[in-house]
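Worksheet for the structure shown next.
The values are calculated or read from the model by the stated rules, or taken from the named source; none is laboratory data. Predicted model only: the values in this text are computed from it and were never measured. As a convention, Cβ positions derive from the backbone with ideal geometry for all residues, glycine included, and neighbour counts pool all protein chains shown. Calculation scope for accessible area: heavy atoms of the full protein, side chains included, ligands and nucleic acids excluded. Shrake-Rupley method; radii C 1.70, N 1.55, O 1.52, S 1.80 Å.
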Amino acid sequence: MERGPAAIAPQLVSFTEELRSEGVAVGTSEILDAFAAVEEIPWNRREDFREALAATMAKSQEDRRVFELVFDRWLFRAAELEALTQDDGAEGVDGDSTGVDSTGERFDLDELRETIRQAIVEGSDGQMRDLAQLAVAAFGRRGEGSGVVGVDVQRIRRSLGLTPGSTAADGSQEEPELDRDDVRRFEQHLRRELERGLIERTGKLPPSRPLAELDRALPTSPIQDLASVHRSVTQLKRRLATLGNEQRGRRRSRVVDVRRTMRTSLETGGVPLRLRYRPKRPKRPEIYVLCDVSTSVTSASMFFLSVLHALHDSFRKLRSFVFIERISEVTDVFEQERDFRKVSERISRDGGVADVSGYTDYGRVWLEFLGEISADLDPRSTVIVLGDARTNGRDPQPAAFAQLTERAGRTFWLNPEPRLYWNYGDSVMSAYEPHTTRAFECWTTRHLEEFVDVVAGGPGNVN
Amino acid sequence: MDDATDNAPAGGSISGSESIAESRDALARAGYLADEPASLVSHLAQRLGKPVLVEGPAGVGKTELAKALARATGRELIRLQCYEGLDEAKALYEWNYRKQLLRIQAGTTAQASELEPEDGGSRDAEAVMSDIFAEDFLLTRPLLAAIASPQPVVLLIDEIDKTDQEFEAMLLEVLSDFQISIPELGVVEASSMPLVLLTSNDSRELTEALKRRCLYLWLDYPDAEREVEIIRLHEPGIDEALARRLVEVVGMVRELDLKKPPSIAESIDWARALLLLGADQIDAEIFQQTMSIIVKHRTDLDLVAERVGVRLAGAVPGGSAP
């Protein structure tokens, strides 16, 4: 493995390009850091190499997860490419030619089964890799290969009797149960060996496919990815924070602080030569977000929850509520959990918002909100409603909503449906819209940005 | 090798550490059992002279890592605890107004007594002006202290996620160039390379600009094996079987959906308590009595008592039978 940094340079750059294509933001300075880092570490251990790259390139848990996936894929492909060009079956980066292939003939299937089980229980990665090679070879001799990697992996696993939680086949020994994750690791080795075999046979690399959306665990609505939601919400935050603080004209609407003026005047013998003003306290926005999570907005509620999640990152004075038939405060959930997936799980588990039918009841929600929360509302607070205003034929209670909007300084409504569909069917948007400061359609991040623009752009025209 | 290594001061014992294993050993001697990523990143930080951003749940030893690094390198630890509303007067530097006032007063009284002519007075005022904005009148706060220290130090910026974004922006100059601009004085450059650690509980997303300047390290709860080692390192008196059992129970507690899962420090405290009580087995009764050491919320207590307590009560007779 005597390859200097110069030789690895194009490889590393191609790796960063793959990372970028998966949405990890890797800057030039990070690449430079990575180069500096790999010079400082020994080359013979894959873990060190990976950790050094991860420390310089993947700067969050989410990035790190994508990094692991891309790293494995990249290293595997790089090794295979090397093997192909050299065409002598060299095993590439992680090869540790232990010569298992030649000794493989001696094993019969039962023996192999026991050894693999042992390796899985011990959790030794290197052994598992070697044994996976053996298993693939043994399996191939029996002529049961289907040629489809995924199918073969499962066939081999079954014929070896490796099911998570099972004990040894003969049952005579005291064997610990197989851990599900360990079995999955072995499956991964199997898959890799099979792919390697496939590449050897066909002599070319399969096209690099992007990570499946599922692997990325981003909200899979037709709309956006979480990062862009976060970006526009950050923008929203910055604008809301400075909202109303800009002074127009010189010393506009400053209030004289009489006490301090009198006190300063003592210096000049009681003549108030210099006026003292009351300091302007920046207005801190208090935001109440009400989010519909019913089935009629399922596709959109993922989006809404991610908006909420992003808002929580940016605002400290933010209270969030979710509602279907009833309303429930979920501020705590967002404060405790940082992981978006866990948040949505917890909300669906113990939000306690669906009563009987699971249909949205806007009227009841307004009444409940008015009863419990509205005492906290004041002219400085902003209420943002995220919902489709579909009441399922129940009483929309526009009067309650009007009362609520009157208490709050500003009310915005973000509707996940295109404006065209408003007021069709059971949508009662027209009953609510006049009471809001403004209502927006919001089904892409671009709409969200528009909302940000309008909210922040002209406080004069929305206030 | 390159200038990064030249910047690394020769003061400490592992500051020039040659390998990852060496920095791990040095950390272990300082009482910190680092796992692979942690020792690798701290090795890199010393070699590259880059700040490290350490993230992870509360109580996994993020702050402790910085302290151990300071002990291992023999450097002084300068700590900046962040909180909402922290500003540069408390983090960087501040002019010592009282001292400046005294100086001015001393100047004016001297002047009055001498009754100097007009132009002499204004020259004097200028002298006073340049005088009071000298380093004597500067109160150094942690960041400036770390930069200006002649000896290399370890700078710990704790809980950076508690501050505002504005403060992060202010840190950028310090973290990338290791310098601080003071308008009245000019730029103070680092005379020695501090080793900077930033910790974050991940309570909010940090800015890209800050992250770009740092190495990233995610610390998680250690695996059972390592936690046993950690406990035995801090409480050498504890029996290994008991430590193992303790870690197992703590692991069970962490699996529950708690407001505040027990940290490593709390496992150590618990081990200490068990030693003091002379317990040689964790059964349901001992657990009930000492549970409050690792669980600190009313609702959590109920949950843990219900789930783990019951399991312990059931497990002990079964466990002792074979």
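Things to note:
- Convex hull volume of the Cα atoms of the range B:187-269, normalised per residue: 163 Å³.
- Stokes-Einstein diffusion for the range B:224-313 at 20 °C, viscosity 1.002 mPa s, with a Kirkwood radius from C-alpha pairs, works out to 167 µm²/s.
- Distant-in-sequence amide contacts of residue A:291, defined by a placed amide H-H separation under 5 Å and a gap of 5 or more residues or a different chain, comprise A:321, A:322, A:323, A:386.
- The angle separating the long axis of helix B:97-114 from the principal Cα axis of greatest extent in chain B is about 20 degrees.
- Where B meets A: accessible area buried, both sides, 1.4 Å probe, Å²: 2500 Å²
- The C-alpha atoms of chain B define a longest principal axis, and helix B:264-277 lies at about 60 degrees to it.
- For the range A:325-334, Karplus couplings with θ = phi - 60° (6.51, -1.76, 1.60), whole Hz, Gly/Pro x: 8, 10, 10, 8, 7, 10, 3, 4, 4, 5
- Among the residues of the range B:36-84, those with an accessible-area drop of 10 Å² or more from chain alone to full protein complex, heavy atoms and 1.4 Å probe, are B:36, B:37, B:40, B:41, B:43, B:44, B:47, B:48, B:50, B:84.
- Area accessible to solvent at residue A:388, 1.4 Å probe radius, in Å²: 0 Å²
- HN-Hα J in Hz across the range B:222-228 - Karplus 6.51, -1.76, 1.60, θ = phi - 60°, x for Gly and Pro: x, 6, 4, 4, 5, 5, 4
- Computed accessible area, residue A:43, all protein chains, 1.4 angstrom probe, square angstrom: 70 Å²
- Qualifying trypsin sites (Lys or Arg not before Pro) for the range B:225-292 [loop in DSSP, other Cβ within 10 Å: at most 16]: B:259
- Cut-off under 5 Å, modelled amide H: who pairs with residue A:440 long-range: A:413, A:414, A:415
- Size of the range B:207-252: Rg and Dmax of its alpha carbons, in Å, are 16.2, 48.
- Principal-axis tilt of helix B:310-320 within chain B, Cα atoms, nearest 10 degrees: 60 degrees
- Cα centroid separation, the range B:221-271 to the range B:47-111 (Å): 33 Å
- Net length gained if the chain between residue A:403 and residue A:329 were fully extended (0.36 nm per residue, minus Cα distance): 24.6 nm
- Placed amide H near residue B:198: partners under 5 Å, 5+ positions off or other chain: B:52, B:53, B:54, B:157
- Formal net charge of residues neighbouring residue B:179 (Cβ-Cβ distance under 10 Å; K, R +1; D, E -1): -3
- Percent of Cα pairs exceeding the 32 Å cut-off, where the set is chain B: 46 percent
- Here the 3J(HN,Hα) profile of the range B:36-44, calculated from phi with Karplus coefficients 6.51, -1.76 and 1.60 at θ = phi - 60°, is 4, x, 4, 6, 5, 5, 5, 5, 4 Hz, Gly and Pro shown as x.
- Residues B:189, B:235 ordered from highest to lowest accessible area at a 1.4 Å probe: B:189, B:235.
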